[in-house]
Amino acid sequence: MEILEAILITIVTASTPLLLAALGELVVERSGVLNLGVEGMMIMGAVCAFAVSLTTGNPYLGLVAGMLGGVVMSILFGFLTLTLVSNQVATGLALTLLGLGLSGMVGEGFVGTPGVKLAPLPIPGLVELPVIGRALFGQDPLFYLSVVLTIGTTWFLFKSRAGLIVRAVGENHGSAHALGYSVIKVRYLAVMFGGLCAGLAGAYLSLVYTSLWIENMTAGRGWIALALVVFASWLPKRLIIGAYLFGTVSILQFHAQGAGIGIPSQLLSALPYLATILALVFISRNRAVARANTPACLGLAFVPDR
Amino acid sequence: MRKLFAAAAALALGLAAGAAQAADKVKIGFVYVGPIGDHGWSYQHDHGRLAIEKAFGDKVETSYVENVSEGPDAERVIEKLARSGNDLIFTTSFGFMNPTLKVAKRYPKVKFEHATGYKRSKNVSTYAARFYEGRYVIGQIAAKMSKTKTVGYIASFPIPEVVRGINAFLLGAQSIDPDMKIKVIWVNSWFDPGKEADAAKALIDQGADIITQHTDSPAALQVAEERGVFAFGQASDMIKFGPKSQLTAIVDDWSEYYVNRVQALLDGKWESTDTWGGFAEKMVVMAPYTNIPADVADMAKKTAAAIESGELHPFKGPIFKQDGSQAIKEGEILDAGTLLGMNWYVKGVDDKLPQ
């Protein structure tokens, strides 16, 4: 029982940053913008969160800084792709390069210094539940936030008027524009939300996952988040399945290795990717649903003609 | 992706390196595979570079290019350094071997030093460190300190260097307590703090009460500190990340070797050589022994001294392989070729070696 509880707790830690980053990107893509710079925004979030929490001693200020770091990067992306109408793919890639380089420079003085850990915030009563108690109710605030954000995003996108506008802009920006909605403004807001979530995901890495700063510490998680969005066919509830499946298999394969079962470790390392892709392809096998959920204007530039 | 970044970084830094030139100084260039901020492998090589600057002051001028990926990019970066007038170039990762040799052929007057490789030429030397000597010592410490008799080992890739480390560790541990067990988790990455932390948690959850690693970040040590188990630092002294958990660390120290090689160059005595240094050459150094009783620390110091003097060799027979066959008879020592190509586990490893 104890080991099961321990495994559950680790799974939650491994999945939360993926879910956070992917959730932001999902909203961005729903508005019709493809931002490949998730990794870059994430790493900036990580370094800003680490630097501020270490200098002030307050991890919550660090969280705010992490979000700001992500948002500033996303505004830069928005300015280039929305205002100056540059190519979204190239700009997104450049944003990742910029983030990786810039974070290395900002964080230079913080390498080799242990950071401040964001303390868990157990929910009284519920945390004492057997097995799942500590995994679900004894976690850090960011985990609760990720759950709330996922539910909130689902509600926002599919039940609220503002969400409908976001989807309309992503579906057909010409029509949305003709109806009088400001496509650019909606997309700016979506992109900034994406930056905020990526920043949070980064902050999670440097404040909760491992409280330290090292260059490139995101190690490709931004790219996994991007892939999750596509495989989840732009639906937040599937994103939860994808992120947690990925986290679960990653952790279980470590336990399998530790227990000494004779499966080659290279295969085990590839398992999270395989399992997640297979599962999401399986649940998205209804092609009509998948097509209906793909934002039709994804990645297309919008220039309003008056 | 990574390559693109490395190329951009390499270009920028290469230009910077090219711009700042002084005519009469001896110029020394470095190529790093990771960021110097990795607090591990590249970080320690950069320490060596700084040691050169400190030792020779105005007589030398050093420059470096970091984040160079092991591939076609490397050749371009090395060539750039050679062309911009460097007299001695250190290429500090295994994958730079062939690019280094190619460039060395085109620039016969420039001297090259390649870390961890096995191909040499007239103007290319190789050097590597016998980290396994340190692993034997920490294996002994682990056997003294462990209560569950189970050690968790976080490994990167199944290459001989890593396998040799696991074997040396276990042989050290078994020399104290033949019942010592070792659990291995391969994270298939040199560097992913999140994965390293997850692997450490999994190992501790499965009953390991000592964690050691052959990956580059201090994340595992930090987990050990949180969970209240012991661990060893890797590549550099990581005591700040585990003030209550780090027992010692195997520190890579390239300073003395680098300073000696530059001295040889200045004296006009540089020759192509092959160096595989350990405790005796001060390439492998143990960080201060912390959180352990005095008698264990004494034992560790004695073992290290015995290895340094040559009295003790970690791979001295009898040694049995995992499948029970005998690798070497009593009293004999495994030769360098076997050590460098090691692809089998010794008896007692609770893992199947990925092939």
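Tell me, yes or no, whether region A:263-282 has at least one residue that is within 14 Å of chain B (Cβ to nearest Cβ), buried (at least 20 other Cβ atoms within 10 Å of the Cβ) and either farther than 23 Å from A:Thr16 by Cα or among the acidic types (Asp, Glu) (or both). Looking for residues that are within 14 Å of chain B (Cβ to nearest Cβ), buried (at least 20 other Cβ atoms within 10 Å of the Cβ) and either farther than 23 Å from A:Thr16 by Cα or among the acidic types (Asp, Glu) (or both), one finds at least one in region A:263-282, hence yes. If a residue must be of a type in the set (Val, Ile, Thr) and either surrounded by fewer than 20 Cβ atoms within 10 Å (Cβ to Cβ) or touching a Leu at 6+ places or on another chain (Cβ under 8 Å) (or both), how many such residues does region A:152-197 contain? Count: 6.
Given the structure, is B:Ser93 under 17 Å from B:Tyr257 (Cα atoms), free of Cβ contacts under 8 Å to residues at least 60 places away in the same chain, crowded, with 20+ Cβ neighbours inside 10 Å and small (Gly, Ala, Ser)? Here the answer is no, as B:Ser93 does not meet what is asked.
Return yes when B:Gly57 is modelled with pLDDT of 95 or more and either away from chain A (no Cβ under 14 Å) or crowded, with 24+ Cβ neighbours inside 10 Å (or both) and no when it is not. The answer is no for B:Gly57.
Residues that are at pLDDT 95 or above and under 20 Å from the mean Cα position of the chain (by Cα): does region B:173-192 have at least one? Looking for residues that are at pLDDT 95 or above and under 20 Å from the mean Cα position of the chain (by Cα), one finds none in region B:173-192, hence no. Kindly indicate which of A:Gly222, A:Gly195, A:Gly199 is within 14 Å of the chain's Cα centre (by Cα), within 14 Å of another protein chain (Cβ to nearest Cβ) and in a helix (DSSP H, G or I). Every option except A:Gly222 fails the conditions.
One residue alone among B:Lys111, B:Lys144 is more than 26 Å from B:Val223 (Cβ to Cβ) and not β-branched (Val, Ile, Thr), and that residue is B:Lys111. Just name the residue that is nearest to B:Asp351 (Cα to Cα) out of those in region B:177-200 that are more than 9 Å from chain A (Cβ to nearest Cβ) and surrounded by fewer than 24 Cβ atoms within 10 Å (Cβ to Cβ). Ranking the qualifying residues of region B:177-200, first place goes to B:Lys181. Any residue in region B:104-123 that is buried (at least 22 other Cβ atoms within 10 Å of the Cβ), in a helix (DSSP H, G or I) and on the phi < 0 side of the Ramachandran plot? Yes, region B:104-123 contains at least one residue that is buried (at least 22 other Cβ atoms within 10 Å of the Cβ), in a helix (DSSP H, G or I) and on the phi < 0 side of the Ramachandran plot.
Please tell me if A:Phe110 is more than 14 Å from A:Leu36 (Cβ to Cβ) and either among the basic types (Lys, Arg) or free of Cβ contacts under 8 Å to residues at least 24 places away in the same chain (or both). For A:Phe110, the condition - more than 14 Å from A:Leu36 (Cβ to Cβ) and either among the basic types (Lys, Arg) or free of Cβ contacts under 8 Å to residues at least 24 places away in the same chain (or both) - is not met. Scanning region B:60-83 for residues that are under 23 Å from B:Lys269 (Cα atoms) and surrounded by fewer than 18 Cβ atoms within 10 Å (Cβ to Cβ) returns a single hit, B:Arg83.
Residues that are part of a loop (DSSP other than H, G, I, E, B), over 21 Å from the mean Cα position of the chain (by Cα), more than 14 Å from chain A (Cβ to nearest Cβ) and loosely packed, with under 14 Cβ neighbours inside 10 Å within region B:308-331 comprise B:Glu311, B:Pro318, B:Gly324, B:Ser325, B:Lys329, B:Glu330, B:Gly331, listed in sequence order. Taking the listed residues A:Gly180, A:Gly262, A:Gly242, A:Gly199, the one that is on the phi > 0 side of the Ramachandran plot and not acidic (Asp, Glu) is A:Gly180, with no other qualifying. From the list A:Ala49, A:Ala65, A:Ala6, the lone residue that is more than 22 Å from A:Val191 (Cβ to Cβ) and of a type in the set (A, V, I, L, M, F, W, C) is A:Ala6.
(1) out of contact with any Leu (no Cβ under 9 Å at 6 or more places or on another chain); (2) more than 20 Å from A:Ile240 (Cα to Cα): which one isn't true of A:Val148, the others all being true? With respect to (1) out of contact with any Leu (no Cβ under 9 Å at 6 or more places or on another chain); (2) more than 20 Å from A:Ile240 (Cα to Cα), A:Val148 is out only on (2).
Condition check ((1) within 12 Å of chain B (Cβ to nearest Cβ); (2) outside any helix (DSSP H, G or I); (3) in contact with a helix residue (DSSP H, G or I) (Cβ under 9 Å, 6 or more places away or on another chain); (4) farther than 11 Å from A:Ala198 by Cβ) across all residues:
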residue	(1), (2), (3), (4)
A:Thr13	yes, no, yes, yes
A:Thr16	yes, no, yes, yes
A:Leu23	no, no, yes, no
A:Leu26	no, no, yes, yes
A:Ile43	yes, no, yes, no
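Inspect all residues belonging to region B:68-77 and state whether any of them is closer than 24 Å to B:Glu256 by Cβ and either part of a helix (DSSP H, G or I) or in the same structural domain as B:Ser217 (by TED's automatic domain parsing) (or both). Within region B:68-77 (the criterion being closer than 24 Å to B:Glu256 by Cβ and either part of a helix (DSSP H, G or I) or in the same structural domain as B:Ser217 (by TED's automatic domain parsing) (or both)), the answer is no, since none of the residues qualifies. The residues of region A:291-306 that are surrounded by 16 or more Cβ atoms within 10 Å (Cβ to Cβ) and among the aliphatic types (A, V, I, L, M) amount to a single one, A:Leu298. Restricted to strands (runs of 3 or more DSSP E) entirely inside region B:201-282, those with at least 3 residues that are more than 11 Å from chain A (Cβ to nearest Cβ) and hydrophobic (A, V, I, L, M, F, W, C) are B:230-235, B:246-252. Does A:Ala270 meet the test of being of a type in the set (A, V, I, L, M) and within 18 Å of A:Gly220 (Cβ to Cβ)? When the stated conditions are applied, A:Ala270 passes them. Screening region A:52-148 for helices (runs of 4 or more DSSP H) wholly inside it with 1 or more residues that are buried (at least 22 other Cβ atoms within 10 Å of the Cβ) and either touching a strand residue (DSSP E or B) at 6+ places or on another chain (Cβ under 9 Å) or more than 12 Å from chain B (Cβ to nearest Cβ) (or both) returns the ranges A:59-78, A:88-106. For the condition surrounded by fewer than 16 Cβ atoms within 10 Å (Cβ to Cβ), within 22 Å of B:Tyr127 (Cβ to Cβ), polar (S, T, N, Q) and at pLDDT 90 or above, B:Asn86 does not qualify.
Conditions (1) touching a strand residue (DSSP E or B) at 6+ places or on another chain (Cβ under 9 Å); (2) closer than 19 Å to B:Tyr257 by Cα; (3) not assigned by TED's automatic domain parsing to the domain that holds B:Phe96, marked per residue:
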residue: B:His114; (1), (2), (3): yes, yes, no
residue: B:Gly117; (1), (2), (3): yes, yes, no
residue: B:Arg120; (1), (2), (3): yes, yes, no
residue: B:Gly139; (1), (2), (3): yes, no, yes
residue: B:Lys144; (1), (2), (3): no, no, yes
residue: B:Thr148; (1), (2), (3): yes, no, yes
residue: B:Glu161; (1), (2), (3): yes, no, yes
residue: B:Leu171; (1), (2), (3): yes, no, yes
residue: B:Gln174; (1), (2), (3): yes, no, yes
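Looking at region B:254-271, is at least one residue surrounded by 18 or more Cβ atoms within 10 Å (Cβ to Cβ), farther than 25 Å from B:Leu50 by Cβ and at pLDDT 95 or above? Step through it out loud before you land on a result.
Step one: filter region B:254-271 for residues surrounded by 18 or more Cβ atoms within 10 Å (Cβ to Cβ), giving B:254-255, B:257-258, B:261-262, B:270.
Checking which are farther than 25 Å from B:Leu50 by Cβ leaves us with none.
No.
The values are calculated or read from the model by the stated rules, or taken from the named source; none is laboratory data. This structure is a prediction, so every number in the text was calculated from the model and none was measured. Neighbour counts run over all protein chains shown; Cβ positions are idealised from the backbone, glycine included.
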